[in-house]
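The structure appears right after this line, and notes come after that.
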Amino acid sequence: MVVVWCPDWPVTAACVAAGVPLHHPAAVFAANRVVACSAVARRNGVRRGMRRREAQASCPELAVLAVDPARDARLFEPVAAAVEELVVGVDVVRPGVVAAPVDGALTYFGDEHRLVESLVGHVSAMAGVEVQIGIADGLFAALAAARRSCVVEPGGSRRFLAPLPVTELDQPGSVLAEFDGCADLVADLVDLLRRLGLRTLGQFAELPERTVSSRFGRLGMLAHRLASGLSERPLDRRKPPAELAVEETFDVPVGTVEEAAYVAERMAGKLHAKLAGRNLACTRLGIYARTLSGEELSRVWRCGGTDGGTNGVPVAARGIADRVRWQFDSWLQGEQRPQSGVVTLRLEPEEVVEASLLQLHLWRGGAGDNPADDDADERAGRALVQVQRLLGPEAVVTAVLGGGRGPAERVRLVPWGEARGDEETLRRGAGAQQEVPTWPGRLPAPSPATVHPEPVRAAVVDRRGLPVRMTERGVLNAPPARVAVDGGPLREVTAWAGPWPLDERWWDPRAAGPAARIQVVVSEGPAAAGRALLLRCREQQSPRWQVEGEYT
């Protein structure tokens, strides 16, 4: 297989679309984190996964660009077309990477080096971009060879991969991440392999398959196959039956992207229904069109077992429609646009596998027994991403339980799309009922049901009506008898517990100094139930009480 790779293509496409010079440091951001950056930006300290603030601090002149898969696909069309002029059977793996079988091309060019020289020169002349080319057995090895601009002899992929670091599995857009659809799990796997002493792909490939399967699961088995120089899955490339293809003819030619998007939604639904009815999933989708003037347009997209490269699921109807829309965007807005509108559109699954090979995660939908939950999750995720595009990455946040002593400190708001895991959550485990005592001095269970965004002022007095304060020894000078919340009337305290002294944040002048928390139950009247409050006292001489939370 020959792979033509455009380094940092999302950045290159974004710079071209925004008119930013290619020699200027630039990075593409999604959910306020760097997903791709140029070589100039990397030399200035910018790295993938950095937050926007950190990246701009490392490189103040950094050009901030938004992620846009449709833009990347549209601008990559001239590159794919240039490769297709020299090599037959081109697959667009993703915008920035084109793969094709090498056997037919070698018959014409004679050897691999002539093929590489011809491709580099032709793509540079026709598309105006620089590419790197690699040839090896299998897509993973060929992509690794393209990053190093080398040709691997037939049957030598395992020897070529053996000395490479295991971090090769976690490269941007790698076969492993694209196939499984969860870059975070791939990064965790690579980190675990390094901590186990498996620093190279060869060391990992030497492990027995049974050991890898029992220790690392499905993701580990896939990584083991790639490290061994094998394909990402056993070969199952059969010609799909003709009835799987979907074709439509239009009385009025389709001439705009909006019209094509409407048609694509309908045809994608039909194609997905046919595949699902036979328990099949499409991994290579052929898009064929004929214009009113007789022009034949075609392109093959590799779906890779993911829906848009974001979820580890079989490509769904929405994913098929997106690819058709991107391709029409490339055809209709590219430099070599057709002379007339499209009158016939055909969607044909060039390669299919059993859907069980690309199955959804068992608990992905939450309920575990309702297939509609997965579609609902996907639609909700798309809607949240659209809101972020309109209002910014910080406009959509989700609450994550984390470490901390106070109730407000234990909940942090994470922008949608960013990593949500933390050490305490992982240690607790999904569904565990008991707390993990990782923070000395943390508020004991149960936690308040309501935590105020800003603490509410309160007054605590003893039986004589004098303010209750905390002594230097961290105890109260008198038992609390009545409590007033936010200037309201004093209520009788029917029960209380504590105090729990605190001495933290010594570096913060606003929070420095000893403090204490107590729990109280105040009476709401003869016929009403008590009201349980979590109170905090900060100062000793002039006590300042605040309501941090309320229990139910």
From Ala136, Ala141, Ala145, residue being out of contact with any helix residue (DSSP H, G or I) (no Cβ under 6 Å at 6 or more places or on another chain) and open to solvent by less than 10 Å² (accessible area, probe 1.4 Å): Ala145
Residues located in segment 520-545, provided they are at pLDDT 85 or above and open to solvent by 30 Å² or more (accessible area, probe 1.4 Å): Val521
Of all residues in segment 40-67, count the ones that are within 8 Å of Ala27 (Cβ to Cβ) and in contact with a Ser or Thr (Cβ under 6 Å, 6 or more places away or on another chain). 1
Quickly run through segment 188-212 and pick out the residues that are out of contact with any strand residue (DSSP E or B) (no Cβ under 8 Å at 6 or more places or on another chain) and either among the β-branched types (Val, Ile, Thr) or at positive phi (or both). Val190, Gly197, Thr211, Val212
So the helices (runs of 4 or more DSSP H) completely within segment 1-62 holding 2 or more residues that are open to solvent by less than 20 Å² (accessible area, probe 1.4 Å) are 9-18
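For (1) open to solvent by 30 Å² or more (accessible area, probe 1.4 Å); (2) free of Cβ contacts under 8 Å to residues at least 24 places away in the same chain, each residue gets a yes or a no:
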position	(1), (2)
Asp72	no, no
Phe76	no, no
Ala105	no, no
Tyr108	yes, yes
Asp111	yes, yes
His122	yes, no
Within segment 496-519, restricting to residues that are part of a loop (DSSP other than H, G, I, E, B) and surrounded by 12 or more Cβ atoms within 10 Å (Cβ to Cβ), the one that is modelled with the lowest pLDDT is Ala512
Answer yes if at least one residue in segment 165-188 is surrounded by fewer than 18 Cβ atoms within 10 Å (Cβ to Cβ) and at pLDDT 90 or above, and no otherwise. yes
Selected residue (criterion: modelled with the lowest pLDDT) from residues of segment 226-242 that are under 19 Å from Leu161 (Cα atoms) and open to solvent by less than 60 Å² (accessible area, probe 1.4 Å): Arg233
Looking only at segment 79-96, decide whether some residue is open to solvent by 60 Å² or more (accessible area, probe 1.4 Å), out of contact with any strand residue (DSSP E or B) (no Cβ under 6 Å at 6 or more places or on another chain) and free of Cβ contacts under 8 Å to residues at least 24 places away in the same chain. yes
Qualifying residue in segment 410-433 (condition: modelled with pLDDT of 65 or more and closer than 19 Å to Ile518 by Cα): yes
Residue satisfying all of: in segment 193-225; assigned to a loop (DSSP other than H, G, I, E, B) and under 22 Å from Gly156 (Cα atoms); most open to solvent (accessible area, probe 1.4 Å) among these: Glu206
Residue list for segment 448-464, filter: assigned to a loop (DSSP other than H, G, I, E, B), at pLDDT below 85 and surrounded by fewer than 14 Cβ atoms within 10 Å (Cβ to Cβ): Ala449
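The values are calculated or read from the model by the stated rules, or taken from the named source; none is laboratory data. What you see is a predicted model, and the numbers here were worked out from it, not measured in a lab. When we count neighbours, we look across all protein chains shown, and the Cβ atoms used for this are built from the backbone with ideal geometry, even at glycine. The protein model used for the area step is the full one, side chains on, heavy atoms only, and it has no ligands, DNA or RNA in it. Shrake-Rupley method; radii C 1.70, N 1.55, O 1.52, S 1.80 Å.
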